[in-house]
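Quick notes on the structure that follows.
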Amino acid sequence: MNFIQHAEALVRNYLNVTPEIVINSLELGLLAYIFWRIYLWRSSEKNLPPGPVGLPIFGYLPFLGKEAYRTLHDLTFTYGPIFSLYLGRRLVVVLGNFEVVKEALSNNDILDRPKNPPNHLLPDSTSLSVSNGQVWKEQRLTSVRILRNLGMEKPAMEIQIQEELSRLTKEIDSKQGHAMNLDEVLLPSVSNNILAMLIGHSLDYKHKDRIFLNNILKTMVLYFRPTRLHAYFPSAKFWMAKFKIWGYDQMQDKMNSLGNFLEEIIKKHKEHFDKQFPTSYIDAYLLTMADRDKN
């Protein structure tokens, strides 16, 4: 007697039912569970905006295409400026014009940041781009004060931007009218304005740190789009990195490298910055932390 026959005999002898009845009961139980989940799903979405129906598990992700913003914009003609859809198993509400975005951003209850790339790679971070709630409010107030004191609203910032624009135009002129990839110069140019504020100076396009940061930014632009598939399956990140799915291993490596790079910069600033005249965001933030420790 093989295993299946033995199992059938046990079912008949001890449960006094046939295997067919057991199978039918399991099928009915599964169907009942599915209908129950559908009922709960529909009940929870009564007050949600209308939207397109997607596929099980993947939601509407397969239909977004390469230019997701165009697809989402086209959906506003069908469902209006506010609509909802599933991306993966995550419910997403889309705001389709300036007016509804402005109204939403004035509501503190919906300003939390989701665990999308790269945020879900920084689960323990309390930075302004990742944190939520009271921590975010404190970080925002501190950042606004620091930026204002550093000259964000003063001519110094305008001078920095003009210098960077001059560097950008010289780089473009050096190509002497030949075809070029503008991303190769626009990316470091925009980044340099932020970097000057962050560390106190910008970097020449040929500087090794500038090249390193360019590579990081290219990876982030490529993999950290909010409509990429891996953004909605963060629980699988270990296996995605292990088997190098969707370049997830590169994302992890790049983020780790960026973290090490910033830690080294912060360490240097701790040792050398002028406490009387902070000239960068890092200097001013370190000074703020020191003052709080004293109090």
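The values are calculated or read from the model by the stated rules, or taken from the named source; none is laboratory data. These figures come from a predicted structure and were not determined experimentally. Don't worry about glycine lacking a Cβ; one is built from the backbone with ideal geometry, like all the others, and counts go over all protein chains shown.
Does MET289 satisfy the condition of being assigned to a helix (DSSP H, G or I) and at pLDDT 85 or above?
Considered against the rule, which asks whether it is assigned to a helix (DSSP H, G or I) and at pLDDT 85 or above, MET289 comes out as yes.
Among the candidates PRO52, PRO117, single out the residue that is modelled with pLDDT under 65, within 30 Å of TYR248 (Cα to Cα) and surrounded by 14 or more Cβ atoms within 10 Å (Cβ to Cβ). Spell out how you get there, then give the answer.
Details: PRO52 fails: modelled with pLDDT under 65.
Only one candidate passes the filter, namely PRO117.
Give the number of residues within the stretch 270-286 that are part of a helix (DSSP H, G or I), surrounded by 18 or more Cβ atoms within 10 Å (Cβ to Cβ) and out of contact with any Phe, Trp or Tyr (no Cβ under 7 Å at 6 or more places or on another chain).
Within the stretch 270-286, the first condition is being part of a helix (DSSP H, G or I), and the residues that meet it are 270-272, 281-286.
Filter once more, so that each one left must be surrounded by 18 or more Cβ atoms within 10 Å (Cβ to Cβ): 281-285.
From what's left, out of contact with any Phe, Trp or Tyr (no Cβ under 7 Å at 6 or more places or on another chain): 281-282, 284-285.
So the answer is 4.
Please state which of the following conditions TYR39 fails to meet, knowing it meets all the rest: (1) hydroxyl-bearing (Ser, Thr, Tyr); (2) over 21 Å from the mean Cα position of the chain (by Cα); (3) modelled with pLDDT of 70 or more.
(3)
Going through the stretch 181-222 one residue at a time, which ones are closer than 14 Å to ILE161 by Cα and of a type in the set (Val, Ile, Thr)?
Residues satisfying the conditions are VAL190, ILE194.
Only one of these conditions is not met by HIS73: (1) modelled with pLDDT of 85 or more; (2) not assigned by the TED database to the domain that holds LYS102. Which number is it?
If we test HIS73 against (1) modelled with pLDDT of 85 or more; (2) not assigned by the TED database to the domain that holds LYS102, just (2) comes out false.
Within the stretch 76-109, how many residues are modelled with pLDDT of 90 or more, polar (S, T, N, Q) and either closer than 27 Å to TRP136 by Cα or in contact with a strand residue (DSSP E or B) (Cβ under 9 Å, 6 or more places away or on another chain) (or both)?
Final tally of qualifying residues: 3.
Residue-wise test of (1) under 18 Å from LEU195 (Cβ atoms); (2) part of a helix (DSSP H, G or I); (3) at pLDDT 75 or above.
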residue	(1), (2), (3)
PHE212	yes, yes, yes
ALA236	no, yes, no
TYR248	no, yes, no
GLN252	no, yes, yes
ASN256	no, yes, yes
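Quick check on my filter: what residues within the stretch 120-146 are touching a helix residue (DSSP H, G or I) at 6+ places or on another chain (Cβ under 9 Å), modelled with pLDDT of 75 or more and surrounded by 13 or more Cβ atoms within 10 Å (Cβ to Cβ)?
LYS137, THR142, SER143, ILE146
So that you can scan it fast, the table gives a plain yes or no per residue for (1) farther than 30 Å from VAL144 by Cβ; (2) among the polar types (S, T, N, Q):
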| site | (1), (2) |
| --- | --- |
| GLN162 | no, yes |
| LYS175 | yes, no |
| LEU182 | yes, no |
| LEU186 | no, no |
| GLY200 | no, no |
